[in-house]
Amino acid sequence: MRYYLYLSDAKLDMLFEQIPQKLLPRLVTEAKVDLKVVSFSVQRAQSEMSRYDRLEVVEAFLEREYDVGWMTEPAFWFRGESGLRVSGADGAGGPVLMTGTDSEPVVVLIGSAHHVMGGEQPSPELGRVGHSWLPSLHRLLQNARPGNTGSLDDRGTLRDSLAFAQQATGPAMWCEFLARQLMRGTVTQEGRTREVVIGTPLYVAMCDEIRGP
């Protein structure tokens with residue numbers, strides 16, 4: 001079993017609803033979801049399956065149809081493990097940033113704070129705003145560094161993301177994750193070149209293996 005820290009219901013619903021109906025029975029079987037009837041529509045499955053059942057089916061679909069790689073590989077969907085520090089999870093309607101500098105590459109994951117497990121939900125009148133894209137990351141980085149007028153180009157975003165990750169405070173939790181890549185590249189800093197991968201997570205969970213500091 002996974003101990004989830006973050007699970008994006010928005011991504012889960014979006015991806016699940018795109019699964020071809022003819023593939024659903026096979027994916028349910030591959031994911032070992034306990035359903036009595038497999039000849040059903042995607043809409044019916046959406047209502048009858050738990051969020052964790054649907055996650056298992058979506059993972060099975062991604063593994064089947066896409067080249068899901070490790071975080072060191074240039075794949076659109078990637079898995080990984082890293083010691084992550086969480087920033088910006090205080091406001092229900094804002095972004096959350098999970099960064100890991102203890103691994104190679106440096107990992108920067110951006111999502112919405114209301115998908116943090118046990119987190120505060122935004123009020124209905126405010127609605128839900130998604131933050132799983134690069135413009136939201138750019139605004140977060142600008143707010144974190146007053147006076148930063150960097151552009152939205154790849155190099156500036158990678159450089160600022162690395163600087164933010166290196167300055168993040170608090171305990172690092174060793175986590176596993178599945179994420180959609182948004183950007184990847186290298187940054188040279190004081191003569192050292194580091195690779196940075198930016199993604200938006202479908203889920204983040206604590207690793208079963210305990211890592212030391």
Item to check | Residue count, region 1-48 (criterion: basic (Lys, Arg), at pLDDT below 90 and assigned to a loop (DSSP other than H, G, I, E, B)) | outcome: 2
Next on the checklist: With the requirement that a residue be farther than 17 Å from Tyr4 by Cβ, open to solvent by 50 Å² or more (accessible area, probe 1.4 Å), of a type outside the set (Ser, Thr, Tyr) and not in a loop (DSSP other than H, G, I, E, B), what does region 181-210 give you?
Outcome noted: Leu182, Arg184, Gln189, Arg192, Glu195
Item to check | Residues that are touching a residue at least 60 places away in the same chain (Cβ under 8 Å) and more than 14 Å from His138 (Cα to Cα), drawn from region 155-178 | outcome: Gln166, Ala168, Thr169, Gly170, Pro171, Ala172, Met173, Trp174, Cys175, Glu176, Phe177, Leu178
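Table: residues versus (1) at pLDDT 70 or above; (2) surrounded by 16 or more Cβ atoms within 10 Å (Cβ to Cβ).
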{"site": "His115", "(1), (2)": "yes, yes"}
{"site": "Gly118", "(1), (2)": "yes, no"}
{"site": "Gln121", "(1), (2)": "no, no"}
{"site": "Val129", "(1), (2)": "no, no"}
{"site": "Ala144", "(1), (2)": "yes, yes"}
{"site": "Thr149", "(1), (2)": "no, no"}
Checklist entry - Is it the case that region 70-87 has a residue that's among the β-branched types (Val, Ile, Thr), surrounded by fewer than 17 Cβ atoms within 10 Å (Cβ to Cβ) and assigned to a loop (DSSP other than H, G, I, E, B)? => result yes
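Look through region 52-69, keep the residues that are in contact with a strand residue (DSSP E or B) (Cβ under 6 Å, 6 or more places away or on another chain) and surrounded by 14 or more Cβ atoms within 10 Å (Cβ to Cβ), and return whichever of them is farthest from Gln181 (Cα to Cα).
So in region 52-69, the residues in contact with a strand residue (DSSP E or B) (Cβ under 6 Å, 6 or more places away or on another chain) come out as 62, 66, 68-69.
Cutting the leftovers down to surrounded by 14 or more Cβ atoms within 10 Å (Cβ to Cβ) gives us 62, 68-69.
On the way: Leu62: 14, Val68: 11, Gly69: 10 Å.
Among those that are in contact with a strand residue (DSSP E or B) (Cβ under 6 Å, 6 or more places away or on another chain) and surrounded by 14 or more Cβ atoms within 10 Å (Cβ to Cβ), it is Leu62.
The values are calculated or read from the model by the stated rules, or taken from the named source; none is laboratory data. These figures come from a predicted structure and were not determined experimentally. Note that each Cβ is placed from the backbone with ideal geometry, even for glycine, and that neighbours are counted across all protein chains shown. Accessible surface is based on the protein model in full, side chains and every heavy atom, while ligands, DNA and RNA are left aside. Shrake-Rupley method; radii C 1.70, N 1.55, O 1.52, S 1.80 Å.
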